[in-house]
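Each value in this text was obtained by applying a stated rule to the coordinates, not by laboratory testing. Source: prediction; values computed, not measured. A quick note on method: Cβ atoms are made from the backbone with ideal geometry, for glycine too, and the neighbour counts reach across all protein chains shown.
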Amino acid sequence: MKIKFIFALSIAIISTNQVPAQSQKSIIASPDKKLSAQVWLANDKHAFYTITLNNQPLLTNSRLGIICEDEDFSNDLSLISVSASELVTDKYETFNAKRRINIYKANKRVFHLQNESGKKMDIIFQVSNDGVAFQYYFPGKSSDIKKIKEEITSFHFPKETKAWMQPMQEAKSGFEHSNPAYEEYYQKEIDVGTPAPGKAGWVYPALFKTGNAWALITEGSLDGTYCATRLRQDSPDGEYSVGFPEEAEIFPGGALGPQSMLPWYSPWRIIAAGSLKTIVESTLGTDLAKPAIKMDQSFIKTGKASWSWVLLKDDSTVYNVQKEFIDYAADMNWQYCLIDAGWDKKIGYEKVQELTDYAKTKNIGIWLWYNSAGSWNTVKFTPRDKLVTHEERIKEFARLHEMGIKGIKVDFFGGDGQSMIQYYIDIFKDAADNKLMVNCHGATLPRGWQRTYPNLVTMEAIKGMEFITFEQKNTDEEPFHATTIPFIRNVFDPMDFTPMCLYKIPKKERRTSSAFELALPVIFLSGIQHLAETPTGMQHVPDYVKEFLQNIPSYWDDSKFIDGYPGKYFVVARKGNKEWFIAGINGEKTDREITLDLGFIPQNSTGVLIADGDDSMSFSRLMVDLGKNKKMKVTIKGNGGFVMVMK
């Protein structure tokens, strides 16, 4: 036995020794061997990688490298060594995503590089069955701050690739100079290489289709030592490059681009890859996030909330209306009520305390809105200027905790610079210390923060329901928009779209059916699901629809993608409370017949199907017996939808 052990150890040592620095490609394969990344140094000493799926190219020659202010790690590189392939595993629990228990397995290899001056940089690759991820690491220790000028990373797609991408908003544009807020429509199925409409580029995630293969690009594990990034405006020959924020996207006086002492890890660059089912079911965005920081999590409870503002607007933020919405939440068996902007002046702290005490008797928790802004935008909604410093936050959060407030909705951030990313993190931490949950609006993409800071239960970063109420052109766009975002924005991160208007949108002509709207709270993922419908609107739906909404789980144990195509239709099954909730929406005007393959549900299960009635405002109900076949045909009406609950 001793001889065999020594022999095995010798092999391991040889495999991590120096390899030729040029031309030879090192391969990192997924555990199932279907997906692989190839990394090498070209003869000009630039680092490259490619990705293949089922032996077909997904990404062609794509660049790697970093340019710091004092050192260049983009050219004249030499390869010191490559580690042997190592299996990494992780298991964790989340309550604001598509799956409660998540298991991650990937093969890892580390590429140890040095530049011409002998300074070192590692590139860490991990390949799982559902994607490729890599990050840069600068080893050693430094007492001085290192700064990155440019990241060379690129994603080079074959020329026949199609893309679904959202333009990044220009800094300080939009309402009261509050952008970027990740609130543009996705350009759908455009030719790869199409320039972004503006110089700010494209946001993450970005979806690509090449042949029968799909890829979703994003980043993860922002820890305050790096800015949030995006894809640059131009992508010649289908090669997309990582870009940094614009100069104005900072917390006043803070850093814009990445800077840190050593040692220093960059965020993960994540490419989920595979079939559309693989993309939709992937959890790479949280798999690669840092584990939860140490905090008391007993106060974190996901659920549904009533919310007056989205349909009734500013005039509804008054005592009597909020009391009505507390009663409404209790009647609907929901957990929370959100009181929006201006509550401090229109209701006041003392009266909000009365509402909070009243809500407690109904087993309802209260959330309160805050303006995050200091001097970086001109938004005048209040409360304002109470979160800008640590001292101000602690004072305000301690007061809220004493009042019995359960969470805060913080709005109007407007920036992706490193200092603004740190501002988000500081809010999460200070809120956790005072047992407050957090929801961010007018905000960046979470990028897996919800795992690291579990009290962050959702973020907006989407052109949501409020826009549908603002202009008819947004109302017209809803069917296409709602069938696009489950494939992109909402794949990894919770999304506070604030869905579901079952009856009427004031002064707008709804383009979706009531059954379409009913499906959205199941399709869209959010730790707190703020539901737009009002008590008046709920009076116009059948009792069985109300009962369905009273029994939607507060979190999901599992999710299965059933069918769909971005911008056309989407069908998903989610498990909660030992039942399967199946929901589908049709983004096109013509009826669509689909076959539901429900092989994951026990045979002979029974349930109920709620779908469109004779017109877009009505419902129909059908009892379902799955039988032994476990397949059933469903017709989704044009711009319609359905929900089904199977026991």
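Computed 3J(HN,Hα) for the range 575-580, one whole-Hz value per residue from the Karplus formula 6.51 cos²θ - 1.76 cosθ + 1.60 where θ = phi - 60°, is 9, x, 6, 6, 10, 9, glycine and proline marked x.
Note on Asp315 and Gln24: the extension gain reaches 98.0 nm, defined as 0.36 nm multiplied by sequence separation minus the Cα-Cα distance. The distance linking the range 369-414 with the range 48-115 is 38 Å (Cα centroid to Cα centroid, whole angstrom).
Computed on the range 362-520, with alpha-carbon pairs under 8 angstrom and 6+ residues apart, the relative contact order is 17 percent.
Placing unit charges on C-beta atoms (Lys and Arg positive, Asp and Glu negative, everything else neutral), compute the dipole magnitude of the chain about its Cα centre in debye, rounded to 20.
On the way: 76 positive and 79 negative charges, 389 e Å.
The calculation lands at about 1880 debye.
Residue exposure proxy: Met420, Met403, Met332, ordered by other Cβ atoms within 10 angstrom of their Cβ from fewest to most, comes out as Met403, Met332, Met420.
Among the listed pairs Lys162/Lys575; Lys313/Lys504; Lys386/Lys409; Lys463/Lys637, give every one whose C-alpha distance is greater than 23 Å.
On the way: Lys162/Lys575 32 Å; Lys313/Lys504 14 Å; Lys386/Lys409 13 Å; Lys463/Lys637 25 Å.
Violating the 23 Å Cα-Cα cut-off are Lys162/Lys575; Lys463/Lys637.
Stretching Glu69 away from Glu170 to a fully extended chain increases their span by 33.8 nm, per 0.36 nm per residue minus the current alpha-carbon distance.
In the chain, helical runs assigned H by DSSP with n ≥ 4 each contribute -39500 (n - 2.57); averaged across all residues and rounded to the nearest 500, the mean residue ellipticity at 222 nm is -5500 deg cm²/dmol.
The value of relative contact order for the range 15-287, using C-alpha pairs under 8 Å at least six residues apart, is 18 percent. Taking R0 as 25 Å, what's the FRET efficiency between Glu509 and Glu160 from their Cβ-Cβ distance, rounded to 0.05? Computed FRET efficiency for Glu509 and Glu160: 0.05.
Arranged from highest to lowest average of other beta-carbon atoms within 10 Å per residue, in what order do the peptides 242-253, 200-211 appear? Don't skip to the answer; put the middle values down first.
Working: 242-253: 19.0, 200-211: 23.7.
Highest mean packing first, the order is 200-211, 242-253.
Electrostatic bookkeeping for Asn639 treats Lys and Arg as +1 and Asp and Glu as -1; over the other residues with beta carbon under 14 Å from its beta carbon, the sum is -3. Put in line by how crowded their Cβ is, counting other Cβ atoms within 10 Å and starting with the fewest, Ile394, Ile152, Ile528, Ile610 read Ile394, Ile152, Ile610, Ile528.
I want the local charge near Pro383. Using Cβ-Cβ distances under 9 Å, sum +1 for each Lys or Arg and -1 for each Asp or Glu among the other residues. Numbers along the way, then the final one.
Working: positive: Lys345, Arg384, Lys386; negative: Asp344, Asp385, Glu396.
Once all neighbours under 9 Å are counted, the net charge is 0.
Of the residues Glu189, Glu184, the one with the fewest other Cβ atoms within 10 Å heads the list, and the complete ranking is Glu189, Glu184.
With the highest mean first, a sort of the peptides 490-500, 631-641 on other beta-carbon atoms found within 10 angstrom per residue produces 490-500, 631-641.
With an 8 Å Cα cut-off and a minimum separation of 6 or more residues, compute the relative contact order for the range 449-582 in percent. List each step's numbers first, then the result.
Working: 190 pairs, mean separation 32.4, N = 134.
With pairs under 8 Å counted, the relative contact order is 24 percent.
Rounded, prolate or oblate: which fits the range 15-287, taking a ≥ b ≥ c as square roots of the Cα gyration tensor eigenvalues, rounded meaning a/c under 1.5, else prolate when a/b beats b/c? It is rounded, given that a/c, with a ≥ b ≥ c, falls under 1.5. Note on Glu247 and Ser78: with the Förster distance fixed at 51 Å, the Cβ-Cβ geometry gives a FRET efficiency of about 0.90. For GluC sites (Glu not before Pro), the sites in the range 65-99 that DSSP calls loop and that have at most 15 other Cβ atoms within 10 Å are Glu69. For the range 490-531, applying the loop criterion from DSSP together with a ceiling of 13 other beta carbons within 10 Å to the trypsin sites (Lys or Arg not before Pro) yields Lys507.
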